[in-house]
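What follows is a short report on a single structure.
The values are calculated or read from the model by the stated rules, or taken from the named source; none is laboratory data. Note that this is a predicted model, so its numbers are computed, not measured. So basically every Cβ, Gly included, is an ideal-geometry build from the backbone, and we count neighbours across all protein chains shown. Please note that ligands, DNA and RNA were not included when accessible areas were found on the heavy atoms of the full protein model with its side chains. Shrake-Rupley method; radii C 1.70, N 1.55, O 1.52, S 1.80 Å.
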Amino acid sequence: MSPTNPNLTKPEAEPNQPSKYLYIETVGCQMNVLDSEMVVAALRKKGYALTQEPELADAILFNTCSVREHAEEKAYNNLHHLKHLKLANPNKIIGVMGCMAQKDQGSIFHRVPFVDLVVGPGQLHKIPEMIERAESGEKQQIAVSMGRREGNIEEIKRSHETFDPLRDPEMRPTPFQAYLRIQIGCDKFCTYCIVPLTRGPEQGRSPEQIVAEARILADQGAKEITLLGQTVNSYKYVEGERTTYLADLLQRIHPIDGIERIKFVTNYPKDMTRELLETVRDLPKCSPYLHVPAQSGSDVILKRMKRGYTTADYYAMMDRIHEIIPRPSVSSDFIVGFCGETEEDFQGTVDLVKRCRFKNSFIFQYSVRPGTKGAEIYQDDIPEEVKHRRNLELLEVQNKISLEDNMRFLGETVEILVEGPSKWYVRKGQTGDLRQMTGRTICDRIVVWDGHMRQTGQLLPVKITDVYAFTMMGEVETIESNSEPLELYSIG
Ligand code: SAH
Ligand code: SF4
């Protein structure tokens, strides 16, 4: 019986039934989603099943993000909220994993003394064993990778290894969409960014391992595979005389039966080579969706960020994309309010967004990250309200472009990979199999329509009938369309 909610009872343990329950909460990037999938798979082998209720769980894990301060504050708040559960049941194991664990290490035990485990993203394979030790009473265990200056490079790399072949299909965004890590860590050291410190040196996984894993994912029903790396298009694997690049990997994954779509994120502008773009153009399963963060449209700021390119380089890359790929769909990330960003610098960013016409942009307000070069050498001198205003202004410019671009799809029929029922809208009176369904085009645009649960996982032709900045509405071409007007109710 739960100490906080008397309506929650643990299912009776039956033969072959799991006897222990795991609650896992994941925030941050796709890498974290994938890491949680691995940890769940490892713990299932130890007899754990998933629960959505922290009250019922024997072990609670928070998979955390350190990219911005706000995400960390939220994680600490959520951890403090677990205090009453730990007091009511001291045997409940509470663990912090991911980038915040690597960054804050043992100080987490000072801030939240009832935490049992702190595990960095390169040490996740140790979690099952650490949980066992915690069950036998060992308190405050820590497993983190080596710092960037704490040894020789090979030792540091090994301490950041991941245990990717172990997977749990149930943890995927959908059963037919899977992430596949091709690269660990990052060596770019952009001055604002904590990732090279939390995820360690850049390492490409071996092509053999990657292709073997892609085959397993396809056998498990994955139709869409998204290759992951912090700078995925910088992927490189050297073996004797042979060097494998991302373009080679795409060539090798493309023929695998069952895989219908291949995506890759996140791209680094300088490594968007002609050869890679031509490969994307020539392989029909490759998505023309390219997420290539620009971060700023000011050369002064880009230099201060140590991004390694100028706005002219970025524009040249955009020209190359448009020259080679017939209908590309490019998205970006921006940081507004970076140290010393003037109104003129910011206008440079607005101009870049207008000129590049991204499908969408993720816009972040600069957040100082202790330990980074930026925190050390620059002053965080842009007031919060200025960051906020620039954020809203840039978002408005981007949203207008997104809407205008989506309008080009009106009346067109696009192929959709159906992801499932829409989380955000329910159609009035919908019951049973009839649902507001959602899916994506090969260029990563979200489409919703009145459909059926049984369409989930299929590739369907959908005619676009209406568009917004973030979504397009449609009708499936092959089934009878509903002539009633749509009444949408947000449940998000
Ligand atoms: N590897 C990816 C991005 C990783 S972090 C890349 O290089 O593009 C995801 C995004 O968070 C970044 O693109 C950047 O826009 C943002 N970000 C990173 N550090 C930040 C910080 N200190 N403050 C605000 N936003 C930040
Ligand atoms: Fe961070 Fe820059 Fe590496 Fe991306 S490329 S993870 S922004 S250091």
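Laid out as a table, the results:
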{"item": "Relative contact order for the chain, counting Cα pairs under 8 Å that sit 6 or more residues apart, in percent", "result": "9 percent"}
{"item": "Under 5 Å, built H, 5+ apart or other chain: amide partners of LYS236", "result": "GLY204"}
{"item": "Point-to-point label distance, SER107-ALA212, nm (Cα→Cβ direction, 7 Å offset)", "result": "4.0 nm"}
{"item": "Difference of contour (0.36 nm per residue) and Cα-Cα distance, ASN78 to HIS322", "result": "83.4 nm"}
{"item": "The chain - Cys residues lacking any other Cys C-beta under 4.7 Å", "result": "CYS29, CYS65, CYS99, CYS186, CYS286, CYS339, CYS356, CYS443"}
{"item": "Per DSSP, loop chymotrypsin sites (Phe, Trp or Tyr not before Pro) in segment 177-224 with at most 16 further Cβ within 10 Å", "result": "PHE189"}
{"item": "Normalised per residue, the volume of the convex hull around the Cα set of the chain (Å³)", "result": "174 Å³"}
{"item": "Segment 137-285: C-alpha gyration tensor shape, a/c 1.5 cut-off, then a/b vs b/c", "result": "oblate"}
{"item": "Measure of compaction for segment 37-106 (Cα Rg per 2.2 N^0.38 Å)", "result": "1.17"}
{"item": "Principal semi-axes in Å for segment 69-134 [√(5λ), Cα gyration tensor, largest first]", "result": "18, 17, 9"}
{"item": "Relative contact order of segment 96-155, defined on C-alpha pairs under 8 angstrom at six or more residues apart (%)", "result": "36 percent"}
{"item": "Longest site-free stretch - the chain; sites: GluC sites (Glu not before Pro), DSSP loop, at most 13 other Cβ within 10 Å", "result": "242-411"}
{"item": "Segment 245-371: Rg to Rh, with Rh as the Kirkwood radius over Cα pairs", "result": "1.02"}
{"item": "Fraction of accessible area attributable to carbon and sulfur, segment 123-267 (%, probe 1.4 Å)", "result": "48 percent"}
{"item": "Förster radius 35 Å - calculated FRET efficiency between GLU135 and GLN220 (Cβ-Cβ, nearest 0.05)", "result": "0.70"}
{"item": "Accessible area of segment 308-433 divided out per residue, in Å², using a probe of 1.4 angstrom", "result": "49 Å²"}
{"item": "Trypsin sites (Lys or Arg not before Pro) restricted to segment 26-115 and DSSP loop, no more than 12 other C-beta within 10 Å", "result": "LYS45"}
{"item": "Carbon + sulfur, % of accessible area of segment 20-60 - ligands and nucleic acids excluded, 1.4 Å", "result": "48 percent"}
